[in-house]
Structure formats: C-alpha cells, structure tokens
Amino acid sequence: MDPVSILLGGFASGMVLFIVSVGLSVTMGLMGFVNLAHGGFAMLGGYVIVLAMKHWGFLFLPSVALAFVTVALFAVVLERLLYARLYRATELDQVLFTIGLVFVMTAAVTLGVGPETQVVQLPDWLRGQTDLGFIKYRTYSLALIAAGVLLAIGIWLGFERTRFGARIRAAVDNRRMAQSLGVDVGRLFAVTFAIGSGIAAVGGGLGAEILGLDPNYPLRYLVYFLIVVSVGGLGRVTGVFFAALFIGVLDFVLKIYFPKGGTIFIYVLTLVLLLWRPRGLFGRRGA
Amino acid sequence: MIAATQLARRHRFRWWELLPWVAGIAVFFAFPNYLSFATQVLITILFALSLDLVLGYAGIVTLGHAAFFGAGAYTVGMLAMHWGWHEPFSGLLAAALVAAVIGFASGMVLLRTHGLTLLMLTLCTMTLLEQAANMSAAWTGGFDGMPGLSFSKILGLFGFDALYFRSQYLYALATLFLCFVVVRMLVYSSFGQSLTGVRENLLRMHAIGAPVRTRQVLAYTVSAALAGVAGALFTQANGYVNLAVLGLERSAGVMIVLILGGYGRLYGAFVGATAYMVLEHTLAKAYPTAWQLGLGLTLIAVALFARNGVIGIADSLRRRLEGSAR
C-alpha cells in the first residue's frame, strides 16, 4: 500500500475513535467520573441507526440524527437518575456501576435485537470510490474524515467561542472555583453528558463499518477509548483529536505490517507516555 | 478504651473462622462428583483474596490483576512444557516468585500514579502481557495456549487423579489455607494497619511520615505472588493454560466476585467466590443473557446501595439485631 492510502485509512479509523471518545474525555475531565460504559452509548447509537433504516424506513442521515437525539435523551435520563448519585463515590463504585451498566446494555441488546453482528446499510452516494486527483480512495473513508474534521471544528468552536464552552473549560480546570463563581456544574455536566453520549452514538453508527457492531462492542473497545482519552488528556478536545488520529494511524499501520500482535506497541507506548506524563500529552495540571 | 481493647483483640481467633474450612472439608465428603468444580471455586477464592489485599486493604483500584494470575498460570505451564518441571508444589513457588517479580517491578513504577491513570496503567500492563503471550507462540502456544499439560506427584507423594479430582481438591484447599494464614497475619499486623491508613487517608499517612510507597509496593508484590499461586493452581488443576487467564474479563470478574462478597474483610472473598461461582455454574450455562442482565443489575444495585457486599449486609443486620437486644 502506498503511504497516502495508509494515512487516509488510518485517519478514517482515527476519526471514528475521536467521535466516540471526545464526549468521554469531556465528561471524565469535568467530574472525574470513571465511565467505563461510554462505549455502550456508542453501541446503542449504532443499533438505533440499523433499526431505523431497516424497520422504520429512515434514510441514512435522518437515522444518524435520530441516533444522536434518542441516545442523548437516554443518557440524560440515566445521568439524572443514576450517575448523579455517584459523583462523590469512590472510583471503585464508579467502575462497578459502569461495568454493571455495560453488562445490562449488552444483555438488553442481545435480548432485543440478537447476538449477531449488524451491518449499517450505506446510501449509494457514500459507496464506491472517489477520485481526489492524486489518488482514488473509498468514498466512505473520505466522508468519515470530513465528518470528523467538521465535528472537531464544531466542538472546538463550541468550546472556545461560546459561553457554555467557557463554563466547561472553567469547570474542568477548577471545579470548586467555577462553582463558587456561580457555574451550575451539575447541570453543565448533565448537558455535556447528553451531548457527549449523543456524539458517541453518531460515532458508533458511522464507525460500524470499521469497528463492527455487535453486543460485545462496549467491552471490546473499552481499552481503546480509554487509551485515546488518557493519552489526549482529560477534558482536552484538541488533545483527544490528535491522540485519536495518532492511534488510528498507528493501529492501521501495525495491522498491515505486523498483523500478529503488532498492537502491543500501542500498549507499550501508552504505558511509557502515561508514566512520563500522567495527565496525558495535552493535559494540564488540575486543581 | 473499649475501642482500644477491640483493636488489640481483633487478631484473635474467633470460633466462626473455622466455618469455611469445616465447609471445605465437608464438601470433599458430601459432593465427591463436584470436586472439579469445587477446586475452581477454591482457586477463585484465592485469586479474590489476593485482590482483597490491594483493593480492600491498600485501596489500590486495579483493573489488571489478571496479569499476575496469568503470569503464574503461564509459569507453571511453560515449566512443564519446555523444561520438564512437573512437580506441582515447587511449581507453585516458581509461579509465586515470577508473579512477585512482575508485581514488584510494575508496582515500583505504576504506584506513583493514582486514579484514572493508575487504572489505565494496570489495564495496559495486563494487555501487554496478554499480547506478549499471544505473540510468542513458540513459548506460550499463542492463541491456542498449551493444552494437555501433565504434572507429577505433589512432593512425590500424592498424584493428581484425572477422574475424581480428589487430590487436586485437597491440594488446592491446603494451598488456600496456607495463603490465607499469610494474608490474615499480614492484615492484622501493624503493616496491615498502615495499609488501611493509606486507604482511608493518604495525606495524613504522608503527614505522619509513614513510608506510603514502600508499603503499597510491598502489598502489591505479596498480592501478585498470591495471584500467581492461584494462576498456577488453575493450570495444574485443569491441565491446560490459554489466553483467557490474562484477559480483562478475568480481571473484572475477580473484582466483581470480591465486591459482591465484601472487600477489605478477609472472608468476603470466600462468600463472593462461592456464591458467584455456584450461581454462574447453574444459571450462566442455561440462560447466559439473563445471567449477564442479572449480574449487571446486581452490580448497579451494589454500587448504589450496598457498598460492602454480602458480608457488609450481614454485618449491618447483626449490628441492628444487637442494638435492639440491648
């Protein structure tokens, strides 16, 4: 394979990692909540898209929007009812709770839809190849890259240029200080949690082509999402973006050149990096 | 004053501490056809007990404890496969040593961090070992593992019986007992006290000048050695080892077992492992999805309401009864 197509392929899977993980980074950065169930929301999003297209006659883009809305609503209900009770709990309780949640989601999807792998039917305009002038490449991968970049820019603008984003940044840097200045961190978190889970849902659906979609999705990719978030730094959107791209490309390259166990380098790299910078590449020292 | 005497007396032996061992021997006579399964329960108890030392006493939240279980399991397997070392008891010691070395080395490096970073680092260490075992197929059998391992007589005296699992069971029970005595001594010693201190208030322990890191690393190393013994028992009792001994599922599983039983209280591992394994054995095979759903709901409920597991519930019931009696 030539370097350009390797890079494009890696970027495409990196974008999927970014779209799924970005919400996790922000919510963990805000509350310090260890949320191992984040991949579950991505999976639910994928299933909403599949079901909407297969049984309810939705087109591709409307069903993506539907996935965002339904999963965001579901997430905010869960957040208010359950997550909110555990903000002050120990990490252990949070780990336990979210693992339990993953089990419930996996079992519910297995019971409701079935254990088999689902395929997201792509519309015609996303199939085939596109000529970029210097190279011909899969349209869908290019569309993924475009969607990821657009989303990243959108999230970055929301973070850096809006009052809401400023509140989130303030709360990530110093929650107590933000609270004493009148920021309602609880509500901020509920909204962020909903949006983050909704974006993850979109990522789960768009990324099904690359990551697959079946009931074991949340546990299988848990380590990957966590690596992206901890390498990028908690609550750092740009950090997560670069970390996701880097790991996406690295994973893609390793799977081509060292198909047997090449991913070991990713774990070694993560270990070394976290020992060197426990807060991730882009993480700042919190309060 | 009462608290002080209680503290001084708490390491004393209480009558009910005999119960698990009486039950262990009773099982040997009562369920001769289930000894293979009962051996698995004993192994899980030992593994959960080792986790209790770091999680329950030292307060180190790890998702990578299977790394040490796997290290022990593979040590025994590779010794038998490549070097013709078939004697089980010395195999246990070798497994404990290897796991302790890995525990010490990783503990020295990892325990400087805490929180999510520590969680990630332990997870990565385990996945690293898993991938390494997967890659070096010539040594470890790769994805398929090492099937059909055989072991000689324990200390040259008792052979493993393939059909009834009687000697395996007694061997595992004896090993568990020895390890338990070590853990019990440790947690009731002043070392155990300072571990509890680290768990309860890290800053204060630093402030009074306790060597926090040293204590944590030591606890981590001992715990790793015990987990290694559990892994070695697993390989010896089953006669095979494969990648499943190193996965996230095993790490999360043993944590669930310990939490459901009650962590930081010595006997939580016994209650949790027995209850979990028996339920899993009867339910999971017939209704795997319902089992997962039920387990998930239980975990959520435990995290929200019953943070000290079965033993914790029993404790608070007892306290309530004693309170009303007075």
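Summary table
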{"quantity": "Segment B:39-128: relative contact order in percent, alpha carbon pairs under 8 Å with at least 6 residues between", "calculated": "37 percent"}
{"quantity": "Accessible area (Å², per residue) of the protein assembly as shown, counting only protein heavy atoms and a probe of 1.4 Å", "calculated": "45 Å²"}
{"quantity": "Label point distance in nm, B:V278-B:A30, each placed 7 Å from Cα along Cα→Cβ", "calculated": "0.8 nm"}
{"quantity": "Helical mean residue ellipticity (222 nm; -39500 (n - 2.57) per DSSP H run of 4+; nearest 500) of chain B", "calculated": "-23000 deg cm²/dmol"}
{"quantity": "Gaussian network model of chain B, Cα within-10 Å springs - most flexible of B:A66, B:A26, B:A275", "calculated": "B:A26"}
{"quantity": "Residue-averaged beta-carbon neighbours from other chains (10 angstrom radius) around B:126-137", "calculated": "4"}
{"quantity": "From the C-alpha gyration tensor of chain B, square roots of 5λ in Å", "calculated": "31, 25, 20"}
{"quantity": "Three principal axis lengths of the protein assembly as shown [C-alpha, angstrom, descending]", "calculated": "77, 58, 46"}
{"quantity": "Under 5 Å, built H, 5+ apart or other chain: amide partners of B:V241", "calculated": "B:M146"}
{"quantity": "Buried area at the A-B interface (accessible, heavy atoms, 1.4 Å probe, summed, Å²)", "calculated": "3700 Å²"}
{"quantity": "Accessible area of A:D131 in the full protein assembly, 1.4 Å probe (Å², nearest 10)", "calculated": "100 Å²"}
{"quantity": "Loop-located trypsin sites (Lys or Arg not before Pro) in segment A:35-103 whose Cβ has at most 11 other Cβ within 10 Å (DSSP)", "calculated": "A:R88"}
{"quantity": "Length-normalised contact order for chain A - Cα pairs under 8 Å, 6+ apart - percent", "calculated": "39 percent"}
{"quantity": "Integer Hz, Karplus 6.51/-1.76/1.60 couplings in order for segment A:31-37, x for Gly and Pro", "calculated": "10, x, 8, 7, 9, 7, 9"}
{"quantity": "Cβ-Cβ FRET estimate between A:W156 and A:L132, R0 fixed at 25 Å, reported to 0.05", "calculated": "0.50"}
{"quantity": "Largest-first principal axis extents of the Cα set of segment A:3-276 (Å)", "calculated": "55, 46, 37"}
{"quantity": "Whole-percent carbon and sulfur share, accessible surface of segment A:1-111, 1.4 Å", "calculated": "74 percent"}
{"quantity": "Per DSSP, loop chymotrypsin sites (Phe, Trp or Tyr not before Pro) in segment A:102-154 with at most 10 further Cβ within 10 Å", "calculated": "A:F134"}
{"quantity": "Scaled radius of gyration (Cα, divided by 2.2 N^0.38 Å) that segment A:1-98 gives", "calculated": "1.33"}
{"quantity": "Nearest-10 value in Å² for the accessible area of B:T127, using the 1.4 Å probe", "calculated": "10 Å²"}
{"quantity": "Within 10 Å of each Cβ in A:104-117, the average number of Cβ atoms from other chains", "calculated": "3"}
{"quantity": "In order through segment A:109-122: 3J(HN,Hα) via Karplus (6.51 cos²θ - 1.76 cosθ + 1.60), integer Hz, x for Gly, Pro", "calculated": "5, 4, 5, x, 10, x, x, 7, 6, 9, 10, 7, 6, 7"}
{"quantity": "Computed over chain B: relative contact order in percent, which uses C-alpha pairs under 8 Å that are six or more apart", "calculated": "31 percent"}
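The values are calculated or read from the model by the stated rules, or taken from the named source; none is laboratory data. As the structure is a computational prediction, the values presented were derived from the model and not from experiment. Reconstructed Cβ throughout: ideal geometry from the backbone, glycine too, with neighbour counts over all protein chains shown. Surface areas here come from the heavy atoms of the whole protein model, side chains and all, with no ligands, DNA or RNA. Shrake-Rupley method; radii C 1.70, N 1.55, O 1.52, S 1.80 Å.
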